[in-house]
Amino acid sequence: MSLISAPHFRPEDSVRKIMLTTCAALLPGIAIYAWLIVPAILTQLLIASAAALAGEALMLKMRGKPLGLFLTDGSALLTAWLIALTFPPLSPWWLIVTGTLFAIIITKHLFGGLGQNVFNPAMMAFAVCIVAFPALMSQWPSPGLQLSFADQNRIIFGLSPLLDSIAGATPLDALKTALKREGTIGVPELLQNRQIYGALAGRGWEWVSSAYLLGGLFLLQRRIITWHAPVAFIVSLAALAGLLWWFDPSRFASPLFHLFAGGATIGAFFVITDPITGCATPRGQLIFGAIVGLLDYLIRVFGGYPDGVAFAVILMNIAAPLIDALTQPPVFGMKGKSP
């Protein structure tokens, strides 16, 4: 979500319309996720949504704000969906609840509520939980998981343990670990393992990323977001990945792998376009998106975490006000004049 000049919305838009349209744009990705990866993602979406609305209601009541107006604006729901879609789908229910309540209560309301928060709530939830619970946040379903929907729900609610045989790393993390472990085996040989990496960037995950891309294009077509931040993110991520791939293709994966693996597409269109925690000016959005793309690549390839979108976004949230201040267009009629 992006605006020409924050914090004002275009007259024909409302917070509710923007948030719910963005949720609608996530539906293709959710459908592919449930079909190709694990249908239990639908359970996680329900858990996160319930926790977000409960946390929102509690804080609104404590702050003396009208519940009906703010509970129906869609902002808490969007945060919940982004949390559910970025956390491991078979993680225990309490982990999703913990992350969601942290996002709503700490990151959003303790900073003043919608429009006042400094950090992206969903990305803060991810960052806090992966630091606090690294083992749980690393247990992703193995490719081609054969487990009934009922059994998946039993795992989520702690009625059945998550066995090592059905848990694994993301394609990004698997590639990084394999390169360190195998030593002499390069990226092209590792990517021949279609069971893990599929045709491009992870069995099933490449289609989920493509669906997020489709949803992002829908948001662009509806003018809910502008092109500046997503394009800058994609170009910078692809450029750095392409440069290192050209330099040493045995050690570094191709730009296409990085664009369709991990949280690149959902980050490009649904996270860095947040009008509150991102930049407001067009030039600022270009800078913001480009640096997030560079940081994401550096963290996911050279850092200790499987993906870097959350940490890159949080770091740039801090810099967003300064970037906006340095990229403000001149006041009409005042160009070249002293203030």
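The values are calculated or read from the model by the stated rules, or taken from the named source; none is laboratory data. Model, not experiment: these values are computed from the prediction. A quick note on method: Cβ atoms are made from the backbone with ideal geometry, for glycine too, and the neighbour counts reach across all protein chains shown.
What the table shows:
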quantity	calculated
Within the range 124-157, considering residues that are among the small types (G, A, S) and touching a helix residue (DSSP H, G or I) at 6+ places or on another chain (Cβ under 6 Å), the one surrounded by the fewest Cβ atoms within 10 Å (Cβ to Cβ)	S142
Of residues in the range 1-41 being surrounded by fewer than 21 Cβ atoms within 10 Å (Cβ to Cβ) and of a type in the set (F, W, Y), the one modelled with the highest pLDDT	W35
Residues of the range 65-117 that turn out to be in contact with a Leu (Cβ under 7 Å, 6 or more places away or on another chain), polar (S, T, N, Q) and free of Cβ contacts under 8 Å to residues at least 24 places away in the same chain, as a count	0
Flag for P88 being assigned to a loop (DSSP other than H, G, I, E, B), more than 30 Å from R223 (Cα to Cα) and under 16 Å from the mean Cα position of the chain (by Cα)	yes
A229 vs. criteria outside any loop (DSSP other than H, G, I, E, B), touching a strand residue (DSSP E or B) at 6+ places or on another chain (Cβ under 8 Å) and surrounded by 19 or more Cβ atoms within 10 Å (Cβ to Cβ)	no
Residue match in the range 302-313 (condition: under 20 Å from S210 (Cβ atoms), outside any helix (DSSP H, G or I), hydroxyl-bearing (S, T, Y) and in contact with a helix residue (DSSP H, G or I) (Cβ under 9 Å, 6 or more places away or on another chain))	no
